[in-house]
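Each remark here refers to the structure printed beneath this line.
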Amino acid sequence: MTPRPVAEAIATNDDPLGRRFAFALSMAREAGRLAMRYFRSRDLSISQKGPRDLVTAADHAVDTLIRAKIAESFPDDGILTEESAGAISGTTWVIDPIDGTGNFARGIACFAISIAVCVDGVTQFGVVFDPAADEMFAARRGRGAFCNGAPLKVSNTNQLAEATVDAGYSRKAPLPDYVVLLTRLLDAGCDFVQFGSAARGLAHVAAGRVDGFIEAHLFAWDVLAGLLLVKEAGGYSADFPLTGNWQSGQPALACTPGLSAALTKIAATTLSQAEG
């Protein structure tokens, strides 16, 4: 049976969130086309926000496009993005226009557009679009997760010795802690990768391509959409609420249910010293 498009399956227009979800899917594709034009042309105007923290003309262009479209269609909603910050309201769009800018800037096709909508601090839907692979990952709370319309399910891996984990590195956390994290994963027999895009890594967990994701310091725009994807695909996602000081960042963890205890234990002892 051919899967129904996501817009029909979980992004109907019969309620306010459904309208926003359908809008987000369409907007993500438009933003993806814009990002790919920059990616192919290599006209990037790269600058640095901090050590190894790049921003390109494409980040700004996609950010401007998305913010303008939301403001036009849903003027009362809050908008919070990586490149232009913003404010939280009852209904808030949380967006990373290009997650994986380091890869993007180097011509590596491993990046994604991440869009989440939160109501009173709780993520209600998430969209992660990988324009290079033309993969649209989408989830709505309580209604499942999909990639290009096909249902997603996390893997059934329940032993670290059989797992592959995306172990992201953040310069906002002490390097020795990251070394300890990798050491403990490897000692347990786990393989690790580092995609360089939290949104894309979490989408791969939801799709069962890798078994877990862990990083010491990320922001809401990096992970809210992806964490919901994992949860709606039957996985475990540690809480990452859009409340309090959202500017400080915090650890992120998601995995198969069978790995949650082991990875949570590792996280508790290695991801506790990230900077604000």
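Given the condition within 14 Å of the chain's Cα centre (by Cα), under 25 Å from residue 79 (Cα atoms) and not basic (Lys, Arg), answer yes or no: does some residue in region 208-217 qualify? If you could, list the steps in order and put the result at the bottom.
Of region 208-217, the ones within 14 Å of the chain's Cα centre (by Cα) are 212-215, 217.
From what is left, the residues that are under 25 Å from residue 79 (Cα atoms) are 215, 217.
From the residues that got through so far, the ones that are not basic (Lys, Arg) too are 215, 217.
So far as region 208-217 goes, yes, one or more of its residues are within 14 Å of the chain's Cα centre (by Cα), under 25 Å from residue 79 (Cα atoms) and not basic (Lys, Arg).
Tell me, yes or no, whether region 143-157 has at least one residue that is among the β-branched types (Val, Ile, Thr), at pLDDT 95 or above, assigned to a strand (DSSP E or B) and under 19 Å from the mean Cα position of the chain (by Cα).
No; the residues of region 143-157 include none that is among the β-branched types (Val, Ile, Thr), at pLDDT 95 or above, assigned to a strand (DSSP E or B) and under 19 Å from the mean Cα position of the chain (by Cα).
Please specify each residue of region 82-97 satisfying the condition of being crowded, with 22+ Cβ neighbours inside 10 Å and among the hydroxyl-bearing types (Ser, Thr, Tyr).
Result: 92, single match.
Regarding residue 80, is this residue assigned to a strand (DSSP E or B) and either outside the structural domain of residue 115 (by TED's automatic domain parsing) or modelled with pLDDT of 65 or more (or both)?
Values: assigned to a strand (DSSP E or B): yes; either outside the structural domain of residue 115 (by TED's automatic domain parsing) or modelled with pLDDT of 65 or more (or both): yes.
Yes; evaluated as a whole, the condition is true for this residue.
Output the number of residues of region 83-130 satisfying the condition of being closer than 20 Å to residue 166 by Cβ, assigned to a loop (DSSP other than H, G, I, E, B) and touching a Gly at 6+ places or on another chain (Cβ under 8 Å).
Residues that pass the stated criteria total 4.
For region 253-269, enumerate the residues that are touching a residue at least 60 places away in the same chain (Cβ under 8 Å) and either assigned to a strand (DSSP E or B) or closer than 16 Å to residue 202 by Cα (or both).
255, 256, 257, 259, 263, listed by residue number.
Which residue pairs have Cβ atoms under 9 Å apart, sit 6 or more places apart or on different chains, and have a first residue in region 116-132 that is in the same structural domain as residue 221 (by TED's automatic domain parsing) and more than 10 Å from residue 228 (Cβ to Cβ) and a second that is of a type in the set (Lys, Arg) and at pLDDT 95 or above?
Every condition considered, no pair remains.
Is it the case that residue 177 is buried (at least 16 other Cβ atoms within 10 Å of the Cβ), among the charged types (D, E, K, R) and on the phi < 0 side of the Ramachandran plot?
Taking the combined requirement at face value, the residue satisfies it.
Looking at (1) within 21 Å of residue 137 (Cβ to Cβ); (2) touching a Phe, Trp or Tyr at 6+ places or on another chain (Cβ under 7 Å), which one does residue 259 not meet, given that it meets all the others?
All conditions are met except number (2).
Please tell me if residue 113 is within 20 Å of residue 223 (Cβ to Cβ) and in contact (Cβ under 8 Å) with a residue 40 or more places away in the chain.
Taking the combined requirement at face value, the residue satisfies it.
Determine which single condition residue 225 fails, assuming it passes every other condition in (1) without any contact (Cβ under 8 Å) to a residue 60 or more places away in the chain; (2) under 14 Å from the mean Cα position of the chain (by Cα).
(1)
When only residues in region 158-174 that are charged (D, E, K, R) and not in a strand (DSSP E or B) count, which is modelled with the highest pLDDT?
162
Test residue 177 against the criterion of being modelled with pLDDT of 95 or more, out of contact with any Asp or Glu (no Cβ under 6 Å at 6 or more places or on another chain) and more than 28 Å from residue 78 (Cβ to Cβ), and give yes or no. Give the steps one after another, and end with the answer.
Working: modelled with pLDDT of 95 or more: no; out of contact with any Asp or Glu (no Cβ under 6 Å at 6 or more places or on another chain): yes; more than 28 Å from residue 78 (Cβ to Cβ): yes.
Here the answer is no, as residue 177 does not meet what is asked.
If residue 102 satisfies all but one of (1) at pLDDT below 95; (2) farther than 18 Å from residue 59 by Cα, what's the number of the condition it fails?
It fails just one condition, (2).
Just to be sure, is residue 170 within 21 Å of residue 232 (Cβ to Cβ), polar (S, T, N, Q) and under 22 Å from the mean Cα position of the chain (by Cα)?
no
The values are calculated or read from the model by the stated rules, or taken from the named source; none is laboratory data. All values reported here derive from a predicted model rather than from experimental measurement. Backbone-built Cβ (ideal geometry, glycine too); neighbour counts: all protein chains shown.
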